[in-house]
Amino acid sequence: MMSEDKVKCILTDDLNVSRETIQDLDRMVELLKKWNKTINLVGKSTINDVWGRHILDSAQMWAKRPENLKIWVDLGSGGGFPALVLAILAKEKMPDVKFHLIESDARKCAFLRNVSRETSLNTKIHITRIENAEPIEADIISARALASVDALLGFSQKFMADSAYCLFLKGQACATEVERARESWCFQSEVTESMSDEAGAILKIWNIKRA
């Protein structure tokens, strides 16, 4: 378990997050804990470790953004990880970046809208299943704890601009999932060790085509 103070030090020192951005993250955590009492946004076993397990885990993806980032699509946004955290970081550094959060649960969408409104984020919440969502030409497609790499690539296809890539937060089965995905897909990939979980990884995938 990583303490809140330690995570905030990492965010400010390693990711160059400002005091104002930390305040927005504080507000998100406050709302998450309030809403989580009635809606299962994150596992109850992780709510006391929200800064390490959820905030830092999401925030580390910011370093993987392209310089010309304009549109970010997040699949199965749930409790707002990673999309809301990243939108909070973008608010100060890249305010024109639009985050599209796709989530089928209306109650979770209400939470996503609440945080977006309270922290003035550049987001659009889509209440729909991923397969029913309208195509969006995104620069990045992200997902966390949603599905296998094979399934995620299938979900991502209609959201990808020509130079787009996928960023997936994965656990210890990452390598196995990548190999299985190669049975159906051709792609290039890169794995970066997670800052928040020694068994976790950020998986970047690009040049994606059906095998």
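Looking across S156, S163, one residue alone is closer than 23 Å to G79 by Cα and small (G, A, S). It is S156. Annotation note: of A110, A138, the sole residue that is out of contact with any helix residue (DSSP H, G or I) (no Cβ under 8 Å at 6 or more places or on another chain) and of a type in the set (G, A, S) is A110. For segment 111-125, taking the residues that are of a type in the set (K, R) and either assigned to a strand (DSSP E or B) or within 17 Å of the chain's Cα centre (by Cα) (or both), the one that is nearest to G79 (Cα to Cα) is identified as R113.
When segment 1-52 is filtered for residues that are of a type in the set (D, E) and closer than 24 Å to G76 by Cβ, the ones remaining, listed by number, are D24, E30, D49.
State whether one or more residues within segment 16-39 are touching a residue at least 12 places away in the same chain (Cβ under 8 Å), in contact with a Gly (Cβ under 8 Å, 6 or more places away or on another chain) and part of a loop (DSSP other than H, G, I, E, B). Outline the logic, then answer.
Filtering segment 16-39 down to residues touching a residue at least 12 places away in the same chain (Cβ under 8 Å) leaves 17-18, 20-22, 24-25, 27-29, 31-33, 35-36, 39.
Keeping just the survivors that are in contact with a Gly (Cβ under 8 Å, 6 or more places away or on another chain) gives 28, 32, 36.
Adding the requirement that they be part of a loop (DSSP other than H, G, I, E, B) leaves 36.
Yes - at least one qualifying residue is present in segment 16-39.
Considering the conditions (1) surrounded by fewer than 16 Cβ atoms within 10 Å (Cβ to Cβ); (2) over 21 Å from L56 (Cβ atoms), A138 is excluded by exactly one of them, (1). The single residue among K93, K98, K70 that is modelled with pLDDT under 95 and surrounded by fewer than 24 Cβ atoms within 10 Å (Cβ to Cβ) turns out to be K93. Contact map, segment 43-68: first residue over 19 Å from T192 (Cα atoms), second residue part of a helix (DSSP H, G or I), Cβ cut-off under 6 Å, separation 6 or more or different chains; pairs are T46/R53; V50/V29; W51/E4; W51/V7. From the list K8, K108, the one residue that fits, being within 17 Å of the chain's Cα centre (by Cα), in a helix (DSSP H, G or I), of a type in the set (K, R) and crowded, with 18+ Cβ neighbours inside 10 Å, is K108. Looking only at residues in segment 110-159 that are free of Cβ contacts under 8 Å to residues at least 40 places away in the same chain and either of a type in the set (D, E) or in contact with a Gly (Cβ under 7 Å, 6 or more places away or on another chain) (or both), the one that is nearest to K93 (Cα to Cα) is L112. Filtering segment 126-150 to residues that are part of a loop (DSSP other than H, G, I, E, B), more than 19 Å from R210 (Cα to Cα) and either of a type in the set (A, V, I, L, M) or within 13 Å of the chain's Cα centre (by Cα) (or both) leaves A133, I136, A145, L146.
Need the failing condition index for G79 against (1) without any contact (Cβ under 8 Å) to a residue 60 or more places away in the chain; (2) within 18 Å of N122 (Cα to Cα); (3) part of a helix (DSSP H, G or I); (4) in contact with a helix residue (DSSP H, G or I) (Cβ under 7 Å, 6 or more places away or on another chain), just the number. With respect to (1) without any contact (Cβ under 8 Å) to a residue 60 or more places away in the chain; (2) within 18 Å of N122 (Cα to Cα); (3) part of a helix (DSSP H, G or I); (4) in contact with a helix residue (DSSP H, G or I) (Cβ under 7 Å, 6 or more places away or on another chain), G79 is out only on (3).
The values are calculated or read from the model by the stated rules, or taken from the named source; none is laboratory data. From a predicted model like this one, the values you see are computed outputs, not experimental measurements. Cβ: placed from backbone, ideal geometry, glycine included. Neighbour counts: every protein chain shown.
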